[in-house]
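J.: Let me give you the structure first, and then I'll get to my questions.
The values are calculated or read from the model by the stated rules, or taken from the named source; none is laboratory data. Here the structure is a predicted model, which is why all the values come from computation and not from measurement. With ideal geometry, Cβ positions are generated from the backbone for all residues, glycine too; neighbour counts draw on all protein chains shown. Accessible surface is based on the protein model in full, side chains and every heavy atom, while ligands, DNA and RNA are left aside. Shrake-Rupley method; radii C 1.70, N 1.55, O 1.52, S 1.80 Å.
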Amino acid sequence: MGISILEISHRSKQFEAILAQAEADVRALAGVPANYRVLFLQGGASLQFSMVPMNVLPSGATADYIDTGSWADKALKEARKVGRVNVAGSTKTDNYARIPSASELKLTPGAAYVHMTSNNTIEGTEWKDLPPESAIGDVPLVSDTSSDMFSRPIEVARHALIYAGAQKNLGPAGVTVVIIRDDMLARSTAVTASLPTMLSYAVHAEHGSLYNTPPVFSVYAMGLVMKWLLAQGGLPAVAAVNERKATKLYAEIDRTGFYRGTANAADRSLMNVTFRLPTEDLEKLFVKESAAAGFDGLQGHRAVGGMRASIYNAFPEGGVDALVSFMSDFERRRG
Ligand code: PMP
């Protein structure tokens, strides 16, 4: 057209085509069944912490939350401001170093939904499998997948609602993807009259994510990322690369005992690899020397300390190889 995506109207044919294509590619990539809507919203995953209970936790009902990390904890604290919450399982006393087993979950019969966090970004753990159907029965499963959406296959049909801020694996910050099943949308419709308009899933669904001006550039860039993921062979192919990357890094961590992985081995995240060194002084030195060698962002989250290598989809395997050689060199010199 001779003008950019930032200049055209979000109601133009051109932008509508971009939005429709992004949605079609999300559907193809994740195998989203027809009875789910894909919404492109704003406000980040943090706004979903509030929108989920505002829309799908009816008054008087209970929502179960599985507390597996700092973000899961934030989600449940927000939900408590809206309605009744039962913490159905928590690994807080283990520093969130592991995912609870199905037998540890204390679920509420007939709960409005059960909320989980598929990948715990700060602590470096992930659910390898969804909580078994035998444990949650027909209670709708809601998942915050902000830090692993589209890094591996996802069983959409086992969820009632899935959300993720785009900025890890999907595209630039500014767009939040919500995949919502029709029955959850019906709950939203039932309470929409009492909700702020912008916080209603039903409103956004009715307007095809165009109730107001969407984050056009983020949607456009996300659409390109969806094409990139499809071109790689889709989520199984992407997952194979991610497994290879993470396996190399964990192998280096486990090689001698100089480095110590902080997550329970069976629950280790493919996205966020968390580890410690023998002393905090060595950790400071590691951060300094790795930065000088061209590695950025290896310091762990301020809440937990230690190191964290975040190796999202876009992080190249060559970068992992370079980090592994830096780590073994650092150990040789300082260990
Ligand atoms: N949930 C998880 C699992 C996250 O990793 C993050 C961000 N790191 C959030 C929620 C919050 O996301 P946002 O910044 O998009 O609100």
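J.: So, in the stretch 130-151, how many residues would count as being away from the ligand (no atom under 12 Å from the Cβ) and either within 15 Å of ILE66 (Cβ to Cβ) or open to solvent by 40 Å² or more (accessible area, probe 1.4 Å) (or both)?
T.: So the count comes out to 13.
J.: Regarding VAL175, is this residue surrounded by 21 or more Cβ atoms within 10 Å (Cβ to Cβ) and at pLDDT 95 or above?
T.: Judged against the criteria, VAL175 is a match.
J.: Continuing with this model, one more query. Based on what the data block shows, is SER101 assigned by TED's automatic domain parsing to the domain that holds PRO153 and in contact with a His (Cβ under 9 Å, 6 or more places away or on another chain)?
T.: no
J.: Farther than 27 Å from ASN35 by Cβ, within 20 Å of the chain's Cα centre (by Cα) and either open to solvent by less than 60 Å² (accessible area, probe 1.4 Å) or basic (Lys, Arg) (or both): does that describe VAL241?
T.: When the stated conditions are applied, VAL241 passes them.
J.: Within the stretch 104-114, does at least one residue satisfy the condition of being in contact with a Leu (Cβ under 9 Å, 6 or more places away or on another chain), away from the ligand (no atom under 13 Å from the Cβ), on the phi < 0 side of the Ramachandran plot and not hydroxyl-bearing (Ser, Thr, Tyr)?
T.: Yes.
J.: Which residues, counting only those in the stretch 41-80, are of a type in the set (Lys, Arg) and within 16 Å of the ligand (Cβ to nearest atom)?
T.: Residues satisfying the conditions are LYS74, LYS77.
J.: Based on what the data block shows, is GLY31 exposed (fewer than 14 other Cβ atoms within 10 Å of the Cβ) and either within 19 Å of the chain's Cα centre (by Cα) or in the same structural domain as THR274 (by TED's automatic domain parsing) (or both)?
T.: In short, yes.
J.: Select, from ALA202, ALA186, ALA193, ALA221, the only residue that is open to solvent by 10 Å² or more (accessible area, probe 1.4 Å) and under 20 Å from LEU29 (Cβ atoms).
T.: From the options ALA202, ALA186, ALA193, ALA221, the qualifying one is ALA221.
J.: Here is a follow-up. Have a look at VAL32, VAL38 and point out the one that is more than 10 Å from the ligand (Cβ to nearest atom) and either more than 23 Å from VAL203 (Cα to Cα) or part of a loop (DSSP other than H, G, I, E, B) (or both).
T.: Going through VAL32, VAL38 in turn, just one is more than 10 Å from the ligand (Cβ to nearest atom) and either more than 23 Å from VAL203 (Cα to Cα) or part of a loop (DSSP other than H, G, I, E, B) (or both): VAL32.
J.: Would you confirm whether or not the stretch 244-251 contains a residue that is open to solvent by 60 Å² or more (accessible area, probe 1.4 Å) and over 21 Å from the mean Cα position of the chain (by Cα)?
T.: Looking for residues that are open to solvent by 60 Å² or more (accessible area, probe 1.4 Å) and over 21 Å from the mean Cα position of the chain (by Cα), one finds at least one in the stretch 244-251, hence yes.
J.: Condition (residue is open to solvent by 40 Å² or more (accessible area, probe 1.4 Å), within 26 Å of LEU229 (Cβ to Cβ) and within 16 Å of the ligand (Cβ to nearest atom)) applied to the stretch 156-169: is it met by at least one residue?
T.: yes
J.: Checking the structure you have, find out if any residue of the stretch 126-133 is modelled with pLDDT under 95 and more than 20 Å from the chain's Cα centre (by Cα).
T.: Yes: the stretch 126-133 contains one or more residues that are modelled with pLDDT under 95 and more than 20 Å from the chain's Cα centre (by Cα).
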